[in-house]
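Everything on this sheet refers to the single structure shown next.
The values are calculated or read from the model by the stated rules, or taken from the named source; none is laboratory data. Just so you know, these numbers come straight off a predicted model, no measurement behind them. Note that we place each Cβ from the backbone using ideal geometry, even for glycine, and neighbour counts take in every protein chain shown.
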Protein chains: 2
Amino acid sequence: MGSFSLEILAPVIAALGLLYSLVFWRAVKAAPDGTPAMQKVAHAISIGARAFIRRQYKTIAILTVVVALALVVAYGLTGAPGEGWKKGFEVGGSFLLGSLLSGIAGVVSMVVATKSNLKTASASKNGLNAALTMALRSGTVSAIVITSLSLLGISSLYLFYRFALNVPAAMIPALIIGYGFGASFVALFAQLGGGIYTKAADVGADLVGKIEAGIPEDDPRNPAVVADLVGDNVGDCAGRGADLFESISAENIGAMVLGVALFPRFGLKGILFPLILRAFGLVATIIGVYTVKAKQGEAPMKAMVRGYWITTGLTTFVLFVCSALMLGSIPSATVGDLFLSFFSLQNSAPWFFFAGVTGILTSVAFVYITDYYTGKDFRPVQAIANASTTGHATNIISGTAIGMESTGLSVLTVCAALFASYWFGTQSGLPAGGLYGTAVATMGMLAMVGFVLAMDMFGPITDNAGGIVEMSKAPEDMRLVTDELDATGNTTKALTKGYAVGSAALAAFLLFSAFLEEAKISVVDLAKVPVFVGAFLGAMVVFFFTSLTIRAVGKAASVIVEEVRKQFRENKGIMDGTSEPDYAAAVDIATKSALKEMILPGIVAVAAPIIVGVVFRAEAVAGFLMVGTITGVVLAAYLNNAGGAWDNAKKFIETGHLGGKKSPAHQAAVTGDTVGDPFKDTAGPSLHVLIKLFSTLTLALAALFI
Amino acid sequence: MGSFSLEILAPVIAALGLLYSLVFWRAVKAAPDGTPAMQKVAHAISIGARAFIRRQYKTIAILTVVVALALVVAYGLTGAPGEGWKKGFEVGGSFLLGSLLSGIAGVVSMVVATKSNLKTASASKNGLNAALTMALRSGTVSAIVITSLSLLGISSLYLFYRFALNVPAAMIPALIIGYGFGASFVALFAQLGGGIYTKAADVGADLVGKIEAGIPEDDPRNPAVVADLVGDNVGDCAGRGADLFESISAENIGAMVLGVALFPRFGLKGILFPLILRAFGLVATIIGVYTVKAKQGEAPMKAMVRGYWITTGLTTFVLFVCSALMLGSIPSATVGDLFLSFFSLQNSAPWFFFAGVTGILTSVAFVYITDYYTGKDFRPVQAIANASTTGHATNIISGTAIGMESTGLSVLTVCAALFASYWFGTQSGLPAGGLYGTAVATMGMLAMVGFVLAMDMFGPITDNAGGIVEMSKAPEDMRLVTDELDATGNTTKALTKGYAVGSAALAAFLLFSAFLEEAKISVVDLAKVPVFVGAFLGAMVVFFFTSLTIRAVGKAASVIVEEVRKQFRENKGIMDGTSEPDYAAAVDIATKSALKEMILPGIVAVAAPIIVGVVFRAEAVAGFLMVGTITGVVLAAYLNNAGGAWDNAKKFIETGHLGGKKSPAHQAAVTGDTVGDPFKDTAGPSLHVLIKLFSTLTLALAALFI
């Protein structure tokens, strides 16, 4: 294969992927829209979501431009004459491109979700399989768009530098690191704003609706119910979309930076390997999604897991082919020879393949660990449910203990993966092979991100569909279908979070190494006072940031509670059902307060590593980055798993155990669920973004800290 | 001053201190014992506490002997022939001595507390000041014994090696590192067992008593009430006593190890400085305690704070004298010259003095930070109280956010102290001066540990006195006195925890450096995979250990709940007051389950660093140690401050705010308080011990990891 065809392969597949998403999208759009009552609800949700996204991205756009200018000026003033400004424009420009594409990914996710919730609600009258297919295919649209866009952006930047500016290939990865920072920056605010909005609306609606007024969830009399449904779209869809967009981007860039170290041996192949593996992983995802079909009487989760395994198998095959063709150290003339030489242990290809398989296995392990800690059929959730019988406090104590316990297996898995992939890499016999082994493991883990993302989007779409069915007073059997899908969606959402934490942890080491490469340091010596202080501050900032996000939810929720109480007080007709509540006012107030509350944690996240870097320099910021990441991963695993377990402990009781609904145990379990909401849907996901932001930010600013 | 008189000074003062504790003790013993009803209650508590301590220390003794033998064998088999066994006996022997003295410290604390609770209860009929003085003087007995014993043990070991075995002074610190490990080992199990017992009994008594049966706290009809009161003595007194015994020991040894680096310049003085400063700090503490007297109508806390400030002033003076005489780099013939040379900036003495003052200021800062985050008069506690009005869940969410927020100021303070003291140390111009600066700061912070310890012991003693007054149905005005003292005790207990975390964090860096010295490595490079994996595991083990301790409380509490329910069920006369519950059965069952539950977390704590060290060697274990410590400090600050804030949010509401007692807000606040109990009294304090155990264990085993 010629060098140019290799360079053009990933962008072509990415562009084809984008086009192919239209196939899914047209199928979704062609589906029927349901009853006028449903359309009315969906319309209100759509308006609210669009209003939020518009205002949110306006704020983000301003912040982005400010940061881009600051980047240009900072590099311009500190760099060598001429050089500095050039570097500034390179970093600032790729920062803007990353931001822009991340923004588009978020908007597309939101638009798709607010259209397909109605389609799924409507499909639920044709039974489980129809609704399942509709929701998953809709999720796939966003998944493909996000994956393709990230890939297209990076590979276009690569082509631009290579052919428009004639930069040698090995120098390009260092020029596009601003792209990852841009993606992280937008993801941070998208996830923060969306995450705060969605949980503030949820908690606010529950506090007044379920607890004070005693009306059921999604009841149309609750003025905050539309805001709650909007939250799923802007938090879980747009927020998570931006989150995984930056994961893909950051990992691609990090791997390319490390690939440069292998340039003398592999040439272009080492640098382009991550992009090409990702491109074919996208193809595997599309095939995998087509295989998800629930058989007669089968639980939808089973069909989903089957599709996941098929995707995993295909991804492993893709990994095998790509490793054999691109990462071999035995020169071969023909493709057939390359395949044959794979089976020689003197070749580096099989070792990198094993490293990649380690990554794929890690992804599987995280799915099972998360399932164990948050699934209804295992000890942890049942222990929390049992503890609920002795009251609110024991429910919380038990959930806290379970969440912290779950960090054990999670971290052991990451450490084992890191160690194994590093070892496999060193067996390749290449210099820097160990590091590249961990990079390939990360690529393996993230290769099937498309399928995971589709499963993740499935959650809020079905959740919304359920809300639309309930609010439009559709027949009971449709509600049963959406309820079952909603339960499946809760599981897939929990699994995705496990996957996101795991991949963030694995990718972290890769990004650290890329940072050290950029900052031109080879040692991060914790025994030095500034490095130790940096590390200490890293751990602290993670806790402090989490505190801010949790508090933000509390503050925004209390504003919504006030609004709902006011509407109930001023319009007595709402509770009788004779008068409609003012949904738009609740949506508006939720939007304003969520956007206000996202600013402070966002600033802390961006400012902290910069301050440490400027004051204590590169090695200290590496300590900050590494220990901040370690703490962030552990804390996020705790928050996600505790939240998921509380949620399902409540559901376990609601299915008739330990006294069932309305029992004292159920009340205690509701408390746990409410506490878990900001843990698992605001703080935890924000931490994923935070730790990747630390990496991409320090990577982009490395030159300033030297 | 001759070398011998310098060497003998600390042990002589320590021995005198031990004797002087008898002066306080005789005054306590001579005080009246109160009514027969009171004596009966106190007797039951005393029997329960003794039974627990006897069984607990039997278990600990077995474990200690096993570990001591393992140490001897491990060193014997891995060391050079002859050398290894010798080293094994040195480490094993000092391990046993440290364990033994720590055990004695714990037993003394318990005996004093179980005697003085009755004396304080009885003194409360003579008014606030009489009871205050009694409780504080009793606490001082334990404080002096603990401080003196630790000092006496180390300085005796020093004298033994120096004069019985003729070892050169500079080689001795490395030989006595087993002592710190022994102290930590016993402290771990003392704190775990006591901490689990006290909170299991507390939560168990509250769950059935207050919530199910609706009887007030400390009501004699509750079968678990004596177990609850026993818990204060075995958890807060014996456990915290062992905890601070090891703090003092570990820090003394660490500072002596670092002092060796300054041996060429300071000779013996550098090594003995920590012991002598500690000895004079003890004298300052005794004087400080005498000054605590509440003026007419004054809040007892104010008197306590005044005593604290006087002790701080005296300690600063002691530090000045010791620095001037011992740490000067300008040779002077007479004492007068030494003092004069202090004021020369070419001299190293003033810089080390500043470093020590940094430590003292850090201690003050921690007291104020803790007070802000857990005091009723400030935003954090009031925010939690306000959040309680919207229910259980918002109370928990708010407390979680506040606890995490509090890590910010705590860590900033430690980092600032570390940085400043290091900088002062480097200004001394001596090689290794920076590290010694952080060591002197740690010594400064821990110099007034005696006074802090006395304040800490004050808490459980007054808590117990209140219980005795309540259970013996003594007059209302006595109850008012003990209630006020109890509130003061809650504050002092919270402050001590802040102090303990702060000193653990500051001491940590000193102990790391001592470890690196012992392990003969100079770099801890986080960019290496094994070191990073070690660091990751360190952070995880801290969370996992915390999970185990919290779960242990839950399990032990549920056993107690069952027992209390059984007694209520089988003996209907208890609730009518016609028949007495079987207190001893509840005590017995609490003892058994607490001792059973302390084993697993204890084994995890000891095994984890050893496994990392054996598998990944010294540099990785250093990563484990450092990041484990960082995470432990941050997590402990969170747990302690969240727990303290929840406790006082409840008290804030109970004093009539937001609806007062029995209001819905109060119920929510009770939930927060119950959740906070195992956080602040089991998990948090166990973490203090854990992180110091990591340090002393790795220090003692360093030679095995090279």
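Among residues of segment A:677-695 that are closer than 16 Å to A:Ala507 by Cα, those with a beta-carbon under 8 Å from a residue that is surrounded by fewer than 24 Cβ atoms within 10 Å (Cβ to Cβ) at least six positions away or on a different chain give the pairs A:Leu693/A:Val606. If you go through segment A:634-673 and keep only what is within 12 Å of chain B (Cβ to nearest Cβ) and over 22 Å from the mean Cα position of the chain (by Cα), you end up with A:Lys650, A:Pro664, A:Gln667, A:Ala668, A:Ala669, A:Val670, A:Thr671, A:Gly672.
So is B:Ala585 among the aliphatic types (A, V, I, L, M), more than 10 Å from chain A (Cβ to nearest Cβ) and more than 28 Å from B:Val604 (Cα to Cα) or not?
yes
For segment A:350-375, filtered to residues that are among the β-branched types (Val, Ile, Thr) and touching a Leu at 6+ places or on another chain (Cβ under 6 Å), the residue that is surrounded by the most Cβ atoms within 10 Å (Cβ to Cβ) is A:Thr370. Looking at segment A:639-650, is at least one residue closer than 19 Å to A:Asn490 by Cα, basic (Lys, Arg) and out of contact with any Leu (no Cβ under 6 Å at 6 or more places or on another chain)? Yes, some residue in segment A:639-650 is closer than 19 Å to A:Asn490 by Cα, basic (Lys, Arg) and out of contact with any Leu (no Cβ under 6 Å at 6 or more places or on another chain). Out of all the residues in segment B:229-249, is one or more of a type in the set (Lys, Arg) and either closer than 21 Å to B:Val167 by Cα or at pLDDT 85 or above (or both)? Among the residues of segment B:229-249, not one is of a type in the set (Lys, Arg) and either closer than 21 Å to B:Val167 by Cα or at pLDDT 85 or above (or both), which makes the answer no. Scanning segment B:362-393 for residues that are within 13 Å of chain A (Cβ to nearest Cβ), in a helix (DSSP H, G or I) and of a type in the set (Ser, Thr, Tyr) gives B:Tyr373, B:Ser388. Just checking, does segment A:567-589 include any residue being touching an Asp or Glu at 6+ places or on another chain (Cβ under 9 Å) and either within 29 Å of A:Phe366 (Cα to Cα) or among the polar types (S, T, N, Q) (or both)? Yes: segment A:567-589 contains one or more residues that are touching an Asp or Glu at 6+ places or on another chain (Cβ under 9 Å) and either within 29 Å of A:Phe366 (Cα to Cα) or among the polar types (S, T, N, Q) (or both).
A Cβ distance below 6 Å, combined with a sequence gap of six or more or placement on separate chains, defines the contacts here; from segment A:205-232, residues that are within 14 Å of A:Asp673 (Cβ to Cβ) reach residues that are not in a helix (DSSP H, G or I) in the pairs A:Ala205/A:Asn222; A:Ala205/A:Ala224; A:Leu207/B:Thr390. Out of A:Thr462, A:Thr492, report the one residue that is farther than 20 Å from A:Thr698 by Cβ, polar (S, T, N, Q), in contact with a Phe, Trp or Tyr (Cβ under 7 Å, 6 or more places away or on another chain) and in a helix (DSSP H, G or I). Answer to the check: A:Thr492. A:Asp33 meets each of the listed conditions (1) within 23 Å of A:Ala238 (Cβ to Cβ); (2) in contact (Cβ under 8 Å) with a residue 12 or more places away in the chain; (3) assigned to a helix (DSSP H, G or I) apart from (3).
The single residue among A:Ala261, A:Ala201, A:Ala190 that is aliphatic (A, V, I, L, M), at pLDDT 85 or above and in contact with a Phe, Trp or Tyr (Cβ under 9 Å, 6 or more places away or on another chain) turns out to be A:Ala190. Report yes if A:Ala557 is farther than 13 Å from A:Gly628 by Cβ, touching a Gly at 6+ places or on another chain (Cβ under 6 Å) and within 9 Å of chain B (Cβ to nearest Cβ), otherwise no. Spelling it out, A:Ala557 is indeed farther than 13 Å from A:Gly628 by Cβ, touching a Gly at 6+ places or on another chain (Cβ under 6 Å) and within 9 Å of chain B (Cβ to nearest Cβ). Residue check: B:Val523 meets all listed conditions (1) within 14 Å of chain A (Cβ to nearest Cβ); (2) modelled with pLDDT of 90 or more; (3) assigned to a helix (DSSP H, G or I) but one, namely (3). Checked against (1) within 14 Å of another protein chain (Cβ to nearest Cβ); (2) under 26 Å from the mean Cα position of the chain (by Cα); (3) of a type in the set (Val, Ile, Thr), A:Ile599 meets all criteria but (1).
Residues in segment B:275-310 that are polar (S, T, N, Q) and in a loop (DSSP other than H, G, I, E, B) were compared, and the one that is nearest to B:Leu446 (Cα to Cα) is B:Thr291. Just checking, how many residues over segment A:526-554 are under 18 Å from B:Ala508 (Cβ atoms), within 8 Å of chain B (Cβ to nearest Cβ) and of a type in the set (Gly, Ala, Ser)? So the answer is 3.
Note on segment B:277-325: residues that are crowded, with 18+ Cβ neighbours inside 10 Å and among the aromatic types (Phe, Trp, Tyr) amount to 2. Does A:Leu118 count as in contact with a helix residue (DSSP H, G or I) (Cβ under 8 Å, 6 or more places away or on another chain), of a type in the set (A, V, I, L, M, F, W, C) and under 19 Å from A:Ser46 (Cβ atoms)? For A:Leu118, the condition - in contact with a helix residue (DSSP H, G or I) (Cβ under 8 Å, 6 or more places away or on another chain), of a type in the set (A, V, I, L, M, F, W, C) and under 19 Å from A:Ser46 (Cβ atoms) - is met. Can you name the residue in segment A:394-442 that is surrounded by 24 or more Cβ atoms within 10 Å (Cβ to Cβ), at the interface with another protein chain (Cβ under 9 Å from one of its Cβ atoms) and small (Gly, Ala, Ser) and is also farthest from B:Trp646 (Cα to Cα) among such residues? Across segment A:394-442, the extreme among qualifying residues is A:Ser410. Checked against the criterion of being more than 26 Å from the chain's Cα centre (by Cα) and among the charged types (D, E, K, R), the candidates B:Lys592, B:Lys555, B:Lys520 yield just one match: B:Lys520. Put simply, of A:Ala508, A:Ala474, A:Ala514, A:Ala487 the only residue that is part of a loop (DSSP other than H, G, I, E, B), modelled with pLDDT under 90 and more than 8 Å from every other protein chain (Cβ to nearest Cβ) is A:Ala474. Testing B:Gly328 on (1) touching a Phe, Trp or Tyr at 6+ places or on another chain (Cβ under 9 Å); (2) more than 26 Å from B:Met171 (Cβ to Cβ); (3) without any contact (Cβ under 8 Å) to a residue 24 or more places away in the chain, one condition comes back false. Which one is that? The one condition B:Gly328 does not meet is (2).
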